[in-house]
Amino acid sequence: MPQPEEISLYLKGIWLLLTGDQRGFDYLDNSAAGVIRSFAAILWSLPAMAVIWASTRYYYLSNMPEGTSAGLPFILKLMTIDLISWIVPIALIAALAKPLAFGELLADVIVTTNWISVPLLYAAAVPAALSLMVPA
């Protein structure tokens, strides 16, 4: 699993790419091992996802009749949805890479997609956390 120092380099690369600077690819590891390691972004995103799941659970319970439960199975469903929505698009991109003639860029696309998800999920967790602290 990548260490915080490596993560900061990856996020610097993502930032450079977002600002239009292609030197950002230099900070990303697009080797075969780097592609596999980029899926560690899921683990780095789990705290943000947990905040979003808690917020979703709170919203669900606040709109349901008294006595409705949303325990561990509810959270596991949310986790499954998030993991599927992370993996399926990447699998589709990988399946279409050769027919659409961007197979040589596939590693860059996968690594970039995985690592850009980390700051985006943390940004999405901010309003979710606020909704938990200020429910009304």
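The values are calculated or read from the model by the stated rules, or taken from the named source; none is laboratory data. From a predicted model like this one, the values you see are computed outputs, not experimental measurements. Here Cβ is always computed from backbone atoms with ideal geometry, including for glycine, and neighbour counts include all displayed protein chains. Only protein heavy atoms, including side chains, enter the accessible area calculation; ligands, DNA and RNA are left aside. Shrake-Rupley method; radii C 1.70, N 1.55, O 1.52, S 1.80 Å.
Scanning region 86-103 for any residue that is modelled with pLDDT of 90 or more and touching a Gly at 6+ places or on another chain (Cβ under 8 Å) turns up at least one such residue. The residue that is nearest to Asn114 (Cα to Cα), counting only those in region 1-17 that are outside any helix (DSSP H, G or I) and open to solvent by 40 Å² or more (accessible area, probe 1.4 Å), is Met1.
Of Gly67, Gly24, Gly20, which residue is open to solvent by less than 70 Å² (accessible area, probe 1.4 Å), out of contact with any strand residue (DSSP E or B) (no Cβ under 7 Å at 6 or more places or on another chain), among the small types (Gly, Ala, Ser) and not in a helix (DSSP H, G or I)?
Working: Gly67 fails: open to solvent by less than 70 Å² (accessible area, probe 1.4 Å); Gly24 fails: not in a helix (DSSP H, G or I).
The conditions single out Gly20.
Scan region 27-39 residue by residue and report those that are part of a helix (DSSP H, G or I), open to solvent by 70 Å² or more (accessible area, probe 1.4 Å) and under 17 Å from Leu106 (Cβ atoms). Steps first, please.
To start, the set of residues in region 27-39 that are part of a helix (DSSP H, G or I) comprises 27, 32-38.
Retained after the next criterion (residues that are open to solvent by 70 Å² or more (accessible area, probe 1.4 Å)): 27, 32, 36-37.
Listed by number, the residues that qualify are Ala32, Ile36, Arg37.
Asp82 meets each of the listed conditions (1) within 12 Å of the chain's Cα centre (by Cα); (2) among the charged types (D, E, K, R); (3) open to solvent by 60 Å² or more (accessible area, probe 1.4 Å) apart from (3). Among the residues of region 40-51, are any under 16 Å from the mean Cα position of the chain (by Cα), more than 21 Å from Ala125 (Cα to Cα) and surrounded by 15 or more Cβ atoms within 10 Å (Cβ to Cβ)? No, there is no match, as no residue in region 40-51 is under 16 Å from the mean Cα position of the chain (by Cα), more than 21 Å from Ala125 (Cα to Cα) and surrounded by 15 or more Cβ atoms within 10 Å (Cβ to Cβ).
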